[in-house]
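Data first, discussion second: the structure below is written as structure tokens.
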Amino acid sequence: MRAHVITFGCQMNEYDTLTIQSELVAGGHELVDAPQDANLILLNTCAVRGKPIEKVVSLLGDLRKERRAGRDVSVALMGCLAQLDEGKAIAEKFEVDALVGPGAITDVLEAIEAIEEARFAGERAAFESLRFREDLVDHHTPPHEGALTGFLTIMRGCDHHCTYCIVPTTRGPEVSRPLEAIVREAEAMARAGVQEVYLLGQNVNSYGLGDASLPSFAELLRTVARVGIPRVKFTTSHPMNFTSDVIDAIAEEEAVCNYIHLPVQSGSDRVLRRMAREYGRERYLDIVREIRAKVPDVVLSTDIIVGFPGETEEDFSETLSLFDEVAFEHAYTFIYSARPGTPSHRHFDDMPKRIKTDRLARLIELQKAHSLRANGALVGRELRVLVKEAARDGDFVMGHSDQQHTVLVPKDQVRRLGLHSVRVDQATPHTLYGSVVGADVGAVPLRLAS
Ligand code: SF4
């Protein structure tokens, strides 16, 4: 079949799409870049908030219209939404041919077999696989050809039960991948010229927990830091498992970047209890203090949910004061979105949208001030930047620093994609503008879309 995969959501879904594509190619199917050239469309979906689901529904609506108008195309609904009753209902309504959950993505060839049999019989397939395949963790996913950045899933699922989160339902319990499988993929990436690898998991810090045959996350980090990839980053962490040995590995390993994404979600102990986050404000601040002491030029980012059911103005001011106390360099801020199937959706009443949007706007203003102060302090400094792509403003190319700053440099100063030394000339809350002062020999020739 001529297959096209459309990916929604997080980096773990990006990685899963690479796994799906490697299975398709291994099964003799062709990957096509344009959806209109495909006779099989695979949607690798996200269910963490309402928005990505709306996009999937609109896409399925268009595909159903095209099929009713005679287009010969089969559709597979994959990923987190497929694992939910909501996804099943959507699949039924839009006559989807296959439903494959995130734990069963390597069943995609079986799904295609069922689709081909049904096509041959002039019928619509109704393939379904929602199991959590144990052998998925052993699957070897080759690096994306020519990629400078690699994503490497080190574990699947989550054993925490935050009340607003659907992930434990869609991705199941935590399963850590064997060390050999991870090192094999990291070494393949190093050979393929990957300059930066993200170790991925819903909660990477609990890697190997409860399994004596596996190393700890800190030991894994040190191992991957020595396979020859210049930059190692990881996401996502849960404060409950962010231990001193991990902080030491970040401080001591050259390749492990001084960038930490540590979601706090709220600054109020009362709200953190309602979210079942398992830590309090002081515990979080203790971790931040240890990080700042051991990794002086670390960049800290976080996730925040505003407008969680029951959040009072007083609770919200706790979040604002935590922002001042930590002074995050960057933050991803979200309005609470009630997800069917989560405890908070079942038990708590949602609050008026206008209160949520007002609080979000105030938090964003505060964060912009902290980001501008932090970025401003970098003017005149030299950063190592992985230049990867054209910026929206055609005169610039874009990249990210070791600490995840977004950096733009004039296109005419760059002959190669890859790692460059950049002097920061100007700063805004979200972007640094700089000049190239040196390029790593390992960089690949500049080939940018015009
Ligand atoms: S740690 Fe909480 S928010 Fe993160 S994936 Fe697990 S349950 Fe969801």
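The values are calculated or read from the model by the stated rules, or taken from the named source; none is laboratory data. Please read these numbers as outputs of a predicted model, since none were measured by experiment. Cβ coordinates were reconstructed from backbone atoms using ideal geometry, including for glycine residues, and neighbour counts include every protein chain displayed. SASA here: full protein model, heavy atoms, side chains in, ligands and nucleic acids out. Shrake-Rupley method; radii C 1.70, N 1.55, O 1.52, S 1.80 Å.
Things worth noting here:
- The stretch 298-385 shape via C-alpha gyration tensor axes, a/c threshold 1.5: prolate
- Mean separation of Cα contacts under 8 Å (6+ apart) over length of the stretch 2-131, as relative contact order %: 23 percent
- Separation in nanometres of the label points that stand 7 Å from Cα toward Cβ, at A126 and D297: 6.1 nm
- Counting only protein heavy atoms and a probe of 1.4 Å, the accessible surface of the chain is 51% carbon and sulfur.
- Beta bridges per DSSP with both ends in the stretch 36-181, % antiparallel, nearest 5: 15 percent
- DSSP beta bridges confined to the chain are antiparallel in about 40 percent of cases.
- The alpha carbons of the stretch 1-47 give a radius of gyration and a Dmax of 10.4, 30 Å, in that order.
- Between the stretch 70-132 and the stretch 263-336, the alpha-carbon center distance in angstrom: 40 Å
- Probe 1.4 Å, accessible area per residue of the stretch 2-131, Å²: 44 Å²
- For the stretch 382-439: accessible area per residue (Å², 1.4 Å): 45 Å²
- Separation in nanometres of the label points that stand 7 Å from Cα toward Cβ, at S337 and E145: 3.4 nm
- Note on T243 and R273: the extension gain reaches 8.7 nm, defined as 0.36 nm multiplied by sequence separation minus the Cα-Cα distance.
- Unit charges on C-beta of K, R, D, E only; dipole of the chain, Debye: 1000 debye
- Each residue of the stretch 319-450 gets 163 Å³ once the volume of the Cα convex hull is shared out per residue.
- Entries of K233/K294; K233/K368; K233/K356; K93/K356 with Cα pairs more than 27 Å apart: K233/K356; K93/K356
- With 0.36 nm allotted per residue and the present C-alpha distance subtracted, the R392-T312 stretch has 24.8 nm of extension available.
- Rolling a 1.4 Å probe over the heavy atoms of the protein chains gives the stretch 134-257 an accessible area of 36 Å² per residue.
- Taking every DSSP helix (H) stretch of at least 4 residues in the chain, weighting each as -39,500 (n - 2.57) and dividing the sum by the residue count yields a mean residue ellipticity at 222 nm of -10500 deg cm²/dmol.
- Take each peptide in 166-172, 359-365, 194-200, 117-123, count the other Cβ atoms within 10 Å of every residue, and average; sorted highest first, the result is 194-200, 166-172, 359-365, 117-123.
- Dipole of the chain, positive end: most advanced residue of L43, T312, V25 [Cβ charges, Cα centre]: T312
- Relative contact order (%) - the stretch 297-438, alpha-carbon pairs under 8 angstrom, separation at least six: 21 percent
- Per residue, the Cα convex hull of the stretch 160-318 amounts to 119 Å³.
- Cα extents of the chain along the three principal axes, largest first (Å): 66, 55, 48
- Built from the Cα atoms of the stretch 168-228, the convex hull projects on average onto 4.5 nm², one quarter of its surface area.
- Sequence-separation-based contact order of the chain, relative, with Cα cut under 8 Å and 6+ spacing, percent: 9 percent
- Prolate/oblate/rounded call for the stretch 2-131, Cα gyration tensor, a/c under 1.5 rounded: rounded
- When the surface is traced with a 1.4 Å probe over the full set of protein chains, K294 keeps roughly 80 Å² accessible.
- Mean Cβ neighbour count within 10 Å, used as a protection proxy, ranking 322-331, 428-437 highest first: 322-331, 428-437
- With R₀ fixed at 22 Å, the C-beta to C-beta distance from K65 to D33 puts the FRET efficiency at about 0.45.
- Taking only alpha carbon atoms, the stretch 93-184 gives an Rg to Rh ratio of 1.06, where Rh is the Kirkwood radius.
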